[in-house]
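Here is the structure we will look at, set down as structure tokens.
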Amino acid sequence: MSGNGTTAGDDPLQTAVWRLRSRACWADAAALLPADTPTASLQRASLLVERCLYTERGWEEAEDALRTAEALAHTDEERGAAACERGQLAYAATLHGVRDRADEARAALGRAAALIPPGGAGRALLDFRRGLLAENLARSPQAARAAYRRAHAGATAQADPLLLSFTWRHLAGLALRDGELAEARHGFAESLRIREELGYLVGTAPALASLADAESEPEASRLREEARRLFRLLGGVPTWLARQLTPPTPGAATA
């Protein structure tokens, strides 16, 4: 989830990985990385886990990459990062109805929390993922908001703009749910701005669609049409966005 390869000072390999990842080419990005070092194996696993969340496929490849990363992890930081990815993969499988792995997701993120100290490099991402579990599996918006705020503060402190784009978006989603339109609009707009600046193309359509939910017409329709264009450009990724972007059936009743 971090923005590797997004700045001019990054090495050519990470720049290439970022460009492929941001255009939904996770397998191609993972293929550029060696599988025999802890850092590279963790990054490969992270890319393939992200592909599962966005495309609802590639589960076995992600499991294989994750097992390799777990086997190569030797420090607490490496073991914590691997556990965080294990939790994210189990969360994605549960969210998409592949298999109920909610208990595994909670246990894995709990292990990660025991290994990654507060303020550690991977703590903000861990807090964000614990927020996802609270919001989407436990249905606890209060716990989700607290976790997202911790993640937001951590991402700010660590200057991780990509993670900030996620925390802005999910905090805004909770604000919209509570009827706080101005707060929601601000958060969604910040998320979109960051993703456009980073060139995170695969995340731009969801950001456009989210902002549309907080806008009035005709701006809402313009944003959704732009989201549909990007969604089609990337071959229908992320898959879960299709439901949000489906135009209403003419004459259908609306809630």
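The values are calculated or read from the model by the stated rules, or taken from the named source; none is laboratory data. No experiment lies behind these values; they were computed from the predicted model shown. Note that we place each Cβ from the backbone using ideal geometry, even for glycine, and neighbour counts take in every protein chain shown. The protein model used for the area step is the full one, side chains on, heavy atoms only, and it has no ligands, DNA or RNA in it. Shrake-Rupley method; radii C 1.70, N 1.55, O 1.52, S 1.80 Å.
Toward the positive end of the charge dipole of region 165-255, with +1 on the Cβ of Lys and Arg and -1 on the Cβ of Asp and Glu, the farthest Cα among Leu208, Ser221, Gly235 is that of Gly235. What shape does region 133-200 take by its C-alpha gyration tensor, where a ≥ b ≥ c are the square roots of the eigenvalues and a/c under 1.5 counts as rounded, a/b above b/c as prolate, and the rest as oblate? Oblate. In the full protein context, region 16-116 carries 43 Å² of accessible surface per residue, based on a 1.4 Å probe and ignoring ligands, DNA and RNA. Rounded if a/c is under 1.5, else prolate if a/b beats b/c, else oblate: with a ≥ b ≥ c from the C-alpha gyration tensor eigenvalues square-rooted, which is the chain? Note, shape of the chain comes out prolate.
The share of Cα pairs per 5 Å bin across region 78-148, counted from zero up to the longest distance, runs 4, 21, 28, 25, 16, 5, 1 percent.
Using only Cα positions of region 16-116, each an equal point scatterer, no hydration layer, compute I(q)/I(0) via Debye at q = 0.14, 0.22 Å⁻¹ and quote the log10 values to two decimals. Log10 of I(q)/I(0), two decimals: -0.48, -1.11. From the alpha carbon centroid of region 32-97 to that of region 126-159 is 20 Å. Split the accessible area of region 16-116 by element, probe 1.4 Å, and carbon with sulfur accounts for 51%.
Computed about its Cα centre, the charge dipole of the chain is approximately 400 debye, with only Lys, Arg, Asp and Glu carrying charge at their Cβ. Taking the longest Cα principal axis of the chain as reference, the axis of helix 141-157 is set at about 60 degrees. Remark: region 145-255 carries 50 Å² of accessible area per residue (probe radius 1.4 Å; ligands, DNA and RNA excluded).
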